[in-house]
Amino acid sequence: MVGNDNPYNTPEADLSSPTREDAIAVYSPNQVSIGTFLAGPLAAVYFLHSNYMALQKQELAARTIPLGVLFTIVLIALLPFVPEGFPNIVIPLAYGLAVKAIVDRTQFTTDDIEANPNYRRISTWKVAGICVVALILFFIVMIPVLLILDGLGVVKILD
């Protein structure tokens, strides 16, 4: 047996393309939208900012944080004025879908991630951990905003 006819030879592989482990870790549009829906707008800020940084879109990444924090504060300030009986699912569903559209338009689609060997999806367990932290931060931000509104007499929270 000569050359490639030997069954004990090491198989040849094209090592020029990056492996998934070497690829840029990003959050998929579905991970971003579901994480945003479950954990709120601060999770969206983190996911969007992380993806922009991974894609080296620093200008968009820099705009994400102040706009996201402003949106979060405005949302918290408006929540006490939502009418009684308004379905609780509508608001998180709306901003979750809006964030998914932002990812699809300014970052990538799930198909783009799967088709490009330079990208890999971040673990869903990491997304879950970020969601827990984002919820805690959301409540840390929410309490002072609501107390300020209560102090101004805009809403009645404390008796």
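The values are calculated or read from the model by the stated rules, or taken from the named source; none is laboratory data. Every value quoted in this text rests on a predicted model; they were computed, and no experiment measured them. We place every Cβ from the backbone using ideal geometry, glycine too, and count neighbours over all the protein chains shown. For the accessible areas, the whole protein counts, side chains as well, though only heavy atoms, and no ligand, DNA or RNA atoms are used. Shrake-Rupley method; radii C 1.70, N 1.55, O 1.52, S 1.80 Å.
So, of the residues in region 77-100 that are surrounded by 12 or more Cβ atoms within 10 Å (Cβ to Cβ) and more than 15 Å from the chain's Cα centre (by Cα), which turns out to be nearest to Leu149 (Cα to Cα)?
Ala77
I'd like the residue in region 90-110 that is free of Cβ contacts under 8 Å to residues at least 40 places away in the same chain and touching a helix residue (DSSP H, G or I) at 6+ places or on another chain (Cβ under 9 Å) and, out of all such residues, is farthest from Ala39 (Cα to Cα). Walk me through it before giving the result.
Step one: of region 90-110, the residues free of Cβ contacts under 8 Å to residues at least 40 places away in the same chain are 90-91, 94, 98, 101, 105.
Next, from what is left, pick out any that are touching a helix residue (DSSP H, G or I) at 6+ places or on another chain (Cβ under 9 Å): 91, 98, 101.
Values: Ile91: 12, Ala98: 15, Ala101: 18 Å.
So the residue we want is Ala101.
Please find, among Pro41, Pro87, Pro83, the residue that is modelled with pLDDT of 90 or more and closer than 17 Å to Cys131 by Cβ.
Sole residue among the options that is modelled with pLDDT of 90 or more and closer than 17 Å to Cys131 by Cβ: Pro41.
For region 121-141, check the following and say yes or no: at least one residue is open to solvent by 40 Å² or more (accessible area, probe 1.4 Å), within 27 Å of Met53 (Cβ to Cβ) and not in a helix (DSSP H, G or I).
Yes, because at least one residue in region 121-141 is open to solvent by 40 Å² or more (accessible area, probe 1.4 Å), within 27 Å of Met53 (Cβ to Cβ) and not in a helix (DSSP H, G or I).
Need the failing condition index for Leu149 against (1) open to solvent by less than 40 Å² (accessible area, probe 1.4 Å); (2) outside any helix (DSSP H, G or I); (3) farther than 30 Å from Gln56 by Cα, just the number.
Going through (1) open to solvent by less than 40 Å² (accessible area, probe 1.4 Å); (2) outside any helix (DSSP H, G or I); (3) farther than 30 Å from Gln56 by Cα one by one, Leu149 breaks only (2).
Would you mind telling me which numbered condition in (1) more than 18 Å from Lys57 (Cα to Cα); (2) in contact with a strand residue (DSSP E or B) (Cβ under 9 Å, 6 or more places away or on another chain) Phe108 fails?
(1)
Determine whether Asp111 is in a helix (DSSP H, G or I) and open to solvent by 80 Å² or more (accessible area, probe 1.4 Å).
Against the criterion (in a helix (DSSP H, G or I) and open to solvent by 80 Å² or more (accessible area, probe 1.4 Å)), Asp111 qualifies.
May I ask you to say which residue of Thr64, Thr124 is in contact with a helix residue (DSSP H, G or I) (Cβ under 6 Å, 6 or more places away or on another chain) and among the polar types (S, T, N, Q)? Full working, then the answer.
On the way: Thr124 fails: in contact with a helix residue (DSSP H, G or I) (Cβ under 6 Å, 6 or more places away or on another chain).
Just one listed residue meets the conditions, Thr64.
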